[in-house]
Ligand SMILES: [Zn+2]
């Protein structure tokens, strides 16, 4: 038995917390510190859309160590230990425990930071807030995109979280979230055409579609809808969902990331559509904080 899955508190918006160090793993690219509970949000190893939180770990007597990023780690009952994309098994695989790792800059952690030590954990709150805005804006933009191209389907592609034709689900191939922004890529190849999507009309009306998305995003920002993360349990392996009560209905999307508490945290969300490669739609979403 290698231990328990890490208890995580980021879903409720926490950026600080306390815990006990469980293990420290020296690695050439930066040692990994595992704590029993953490407010740090780790980058997901299978769908790495939102970067892991940076921040600081402090001892009770004031020593501090910078955390470069939080990552997913998996510890095998046989002593195996894997980080991020090197994890060789699927989530929930027998004989493995899933934990949050705090990667530090040096290959070895300092002496004061060993198993059993009580620490406090401090996420960089500004970075987290900007990533949360970026992630919520990303989901809203994809819902607005689905809506803006809903008339271009000749067959039913299935429904998105608002009941509109699911362009996102059919075409999205990658999503990268950064502070107050995201970049999504959509494959507009033969298979999408075969699924019934009219790519020619889409390409011919790109500017119009972009305006439709931006108008929808302005309306959603103005609605100041509440936004939250639902969890099935307290640890990093428990499933999580983003829930946002939009005027058109409640959108619920499986999601491991962090989010704003209300769309009133935005002054604006806008997208730019780029189809310079006719096979690949690139949607860049930019958010502006109301506090900026
Ligand atoms: Zn998400």
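A few comments on the model shown:
- Where labels lie 7 Å past Cα in the beta-carbon direction, separation of residue 239 and residue 86 in nm: 3.1
- Modelled FRET efficiency - R0 22 Å, residue 174 with residue 127, Cβ distances, 0.05 increments: 0.55
- Highest-fluctuation residue, 121, 206, 145 considered, GNM on the chain with Cα pairs under 10 Å: 206
- Volume in Å³ per residue [convex hull over Cα atoms, computed for the stretch 151-292]: 127
- Altogether, the Stokes-Einstein calculation at 25 °C and 0.890 mPa s, with the Kirkwood radius of the stretch 217-270 over Cα pairs as Rh, returns a diffusion coefficient of 208 µm²/s.
- Dimensions of the stretch 52-139 from C-alpha coordinates, computed as largest minus smallest value along each principal axis and given longest first, are 42, 37, 20 Å.
- For the stretch 1-56, the normalised intensity computed at q = 0.31 Å⁻¹ comes to -1.32 (log10 of I(q)/I(0), Debye sum over alpha carbons, equal scatterers, no solvent).
- Volume in Å³ per residue [convex hull over Cα atoms, computed for the stretch 136-195]: 70
- Of all DSSP bridge pairs formed entirely within the chain, close to 95 percent run antiparallel.
- Inter-probe distance in nm under a simple model that places probes 7 Å from Cα toward Cβ, at residue 187 and residue 78: 3.3
- MRE, 222 nm, helices only [DSSP H, n ≥ 4, -39500 (n - 2.57), over the chain, to nearest 500]: -6000 deg cm²/dmol
- Across 56, 89, 100, mean-square fluctuation computed from a Gaussian network of the chain (C-alpha pairs under 10 Å connected) peaks at 89.
- Once you reduce the stretch 26-94 and the stretch 263-292 to the center of their Cα atoms, the two points are 30 Å from each other.
- Rg over Rh for the chain works out to 1.02, using Cα positions for both radii and the Kirkwood form for Rh.
- Considering only 12, 211, 276, the Gaussian network model of the chain with Cα springs below 10 Å gives its largest mean-square fluctuation to 276.
- Compared with the alpha-carbon gap, the fully stretched path from residue 206 to residue 120 is longer by 26.0 nm at 0.36 nm per residue.
- Proxy reagent accessibility, fewest Cβ within 10 Å first, across 87, 57, 253: 253, 87, 57
Here, each number is a calculation from the coordinates, and none is a lab measurement. Small disclaimer: the values here were computed from a predicted structure and weren't measured. Ideal geometry is used to build each Cβ from the backbone, glycine not excepted, and the neighbour counts take in all protein chains shown.
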